[in-house]
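Have a look at the structure below before the remarks.
Derivation of every value follows stated rules applied to the coordinates shown; laboratory data play no part. As the structure is a prediction and not an experimental result, all values here were calculated from the model. Cβ: placed from backbone, ideal geometry, glycine included. Neighbour counts: every protein chain shown.
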Amino acid sequence: MLQEMIQQLDELSPEERNELRRAIDQLDGVRHPNDGLSPSERVHRLHTAADAIREGFTDEEWAEVEYAINAEYIEPFDDEQWKD
């Protein structure tokens with residue numbers, strides 16, 4: 001039965017696999033840092049983290065970082081192209 005379940009994982013979307021991971025983590029008592037936070041609190045924490053990352057860079061250094069981040073765009077991997 002377990003092997004059948006594992007084989008069926010290929011049929012799940014990425015969102016469904018994430019939901020399954022969360023359900024298993026919940027059963028195992030694993031807590032995630034953003035559990036129970038409102039969307040506005042999550043955005044606030046993201047901004048705080050971004051400010052901490054930016055700290056210590058000169059404007060010129062940050063411009064180099066920003067350029068490197070945006071220099072090459074790679075399309076996300078499409079799981080569907082490998083399914084039968």
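Tabulated data
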quantity: Residue check, Glu64 surrounded by 10 or more Cβ atoms within 10 Å (Cβ to Cβ), of a type outside the set (A, V, I, L, M, F, W, C) and in a helix (DSSP H, G or I); calculated: yes
quantity: Criterion (part of a helix (DSSP H, G or I) and surrounded by 11 or more Cβ atoms within 10 Å (Cβ to Cβ)) met by exactly one of Leu37, Leu46; calculated: Leu46
